[in-house]
Ligand code: KDG
Ligand code: MG
């Protein structure tokens, strides 16, 4: 089964997505997600200029060899652009091979290890009443685990916190009322936000105390610090949140310095999750071997596809570290479906982030996975179970959209 043609599809149904479609000489097609939020065209051009010419004529069945060829063969290894491109090729080939076998992808990955994937959704509010409303909406939708983010007194806006005006106008999709923060304020240049770590550290423990007293001890709660803290600040936050029994505290320090997590671990038993910006198994070596984290955040889309991420999860499993794959709306339904098939099969599944895509996104990506009672489950359609609608996509051309930039009160550019 030879690869006959490859299309790089860029569309913007509510937000930008890059999708790879591989077609074989016997007419099978496979899809892969190559979306890198705010840097979409870098991956699209990497694919069309450097990867697609290498694929035509290759045997679609040699997935591992193609992965190694694109990774080792390029000499320039790792990095989000390269790994998103490899991920898209890898995922599309798995989709094709599962369709060729007339099986849902998870069957090729070893079959079901569970009935569904526990998910968490994003609740947020500028203040406690809005946050509580948002938590209640998520509970009504069936979520059993909820990420909690709030505004910080004194800061005009905080990334990851919806404004009530966004919810009302449905910013992001144009038609729905779901909150989708990443493209919330599209523009020619990035929005700049202001950050104050001391104000944040003062405020957050009180938020979790209020949430626990309103919603009780059983609700699974998570929080994302978005790489903004130093090791000692992160240690302090983890310690201060211990009474509120978090499922995890995410991305407390910037990703580059992995030994920072040692300092955090020395001081707190709050479980730690990291990795949404990690791309390869090598990024995790120190964190796994020293058991500095509890959950792996990489998605299929940014970590070299099914092949790359499964290898990471296997490595994690020997240290009792579990999966917690990134699942924001900038991972397309193709990337999410790949995560669902992988998550249902692996032995060390932890939780799956699920923000829910907008109706506009679902017009272009026809999905078959199901969300019920807070759990995601793959369908039994062959392959990934996703169709890409070219006609619908034509109505949503690419629009440049940046993620925001974070500055301290004195103007210094800060991590976020
Ligand atoms: O593209 C960046 C977003 O996907 C990311 O900032 C969202 O932190 C995030 C999360 O945990 O989903
Ligand atoms: Mg995050």
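Can you pull out the residues in region 302-333 that are within 16 Å of ligand 2 (Cβ to nearest atom) and surrounded by 24 or more Cβ atoms within 10 Å (Cβ to Cβ)? Scanning region 302-333 gives 302, 303, 323, 324, 325, 326, 327, 329, 330, 331. Taken over region 19-43, the criterion of being part of a loop (DSSP other than H, G, I, E, B) and either without any contact (Cβ under 8 Å) to a residue 24 or more places away in the chain or out of contact with any helix residue (DSSP H, G or I) (no Cβ under 9 Å at 6 or more places or on another chain) (or both) is satisfied by 25, 27, 37, 38.
Reported count of residues in region 136-151, each being more than 17 Å from residue 352 (Cβ to Cβ) and crowded, with 23+ Cβ neighbours inside 10 Å, is 3. If you check residue 254 against the conditions, is it away from ligand 2 (no atom under 16 Å from the Cβ) and either part of a loop (DSSP other than H, G, I, E, B) or surrounded by fewer than 21 Cβ atoms within 10 Å (Cβ to Cβ) (or both)? It is false that residue 254 is away from ligand 2 (no atom under 16 Å from the Cβ) and either part of a loop (DSSP other than H, G, I, E, B) or surrounded by fewer than 21 Cβ atoms within 10 Å (Cβ to Cβ) (or both).
Being within 16 Å of ligand 2 (Cβ to nearest atom), closer than 25 Å to residue 146 by Cβ and assigned to a loop (DSSP other than H, G, I, E, B), is that true of even one residue in region 335-344? Within region 335-344, not a single residue is within 16 Å of ligand 2 (Cβ to nearest atom), closer than 25 Å to residue 146 by Cβ and assigned to a loop (DSSP other than H, G, I, E, B). Each residue in region 359-377 was checked for being within 16 Å of ligand 1 (Cβ to nearest atom) and within 17 Å of residue 40 (Cβ to Cβ), and 1 pass. Under the condition of being in a loop (DSSP other than H, G, I, E, B) and surrounded by 16 or more Cβ atoms within 10 Å (Cβ to Cβ), which residue from region 257-272 is farthest from ligand 2 (Cβ to nearest atom)? Among those that are in a loop (DSSP other than H, G, I, E, B) and surrounded by 16 or more Cβ atoms within 10 Å (Cβ to Cβ), it is 268.
Evaluating residue 336 against the criteria (1) surrounded by 22 or more Cβ atoms within 10 Å (Cβ to Cβ); (2) out of contact with any strand residue (DSSP E or B) (no Cβ under 7 Å at 6 or more places or on another chain); (3) at pLDDT 95 or above; (4) over 26 Å from residue 101 (Cα atoms) leaves one unmet condition, (4). Entry remark, region 204-219: residues being closer than 26 Å to residue 260 by Cα and either surrounded by 18 or more Cβ atoms within 10 Å (Cβ to Cβ) or within 16 Å of ligand 1 (Cβ to nearest atom) (or both) number 3 in total. Flag: residue 350 does not match the condition of being crowded, with 19+ Cβ neighbours inside 10 Å, more than 16 Å from ligand 1 (Cβ to nearest atom) and at pLDDT 95 or above. Just to be sure before I move on: is residue 92 within 21 Å of the chain's Cα centre (by Cα), buried (at least 22 other Cβ atoms within 10 Å of the Cβ) and free of Cβ contacts under 8 Å to residues at least 60 places away in the same chain in the structure I sent? Answer is no for this residue. In the set 111, 73, 14, only one residue is assigned to a loop (DSSP other than H, G, I, E, B) and without any contact (Cβ under 8 Å) to a residue 24 or more places away in the chain; that residue is 73. Annotation: of all residues in region 297-315 being touching a residue at least 40 places away in the same chain (Cβ under 8 Å) and within 13 Å of ligand 1 (Cβ to nearest atom), the one that is nearest to residue 19 (Cα to Cα) is 301.
The values are calculated or read from the model by the stated rules, or taken from the named source; none is laboratory data. Because the structure is predicted, anything quoted here is derived from the model rather than measured. Virtual Cβ from ideal backbone geometry, glycine too; neighbours counted across all protein chains shown.
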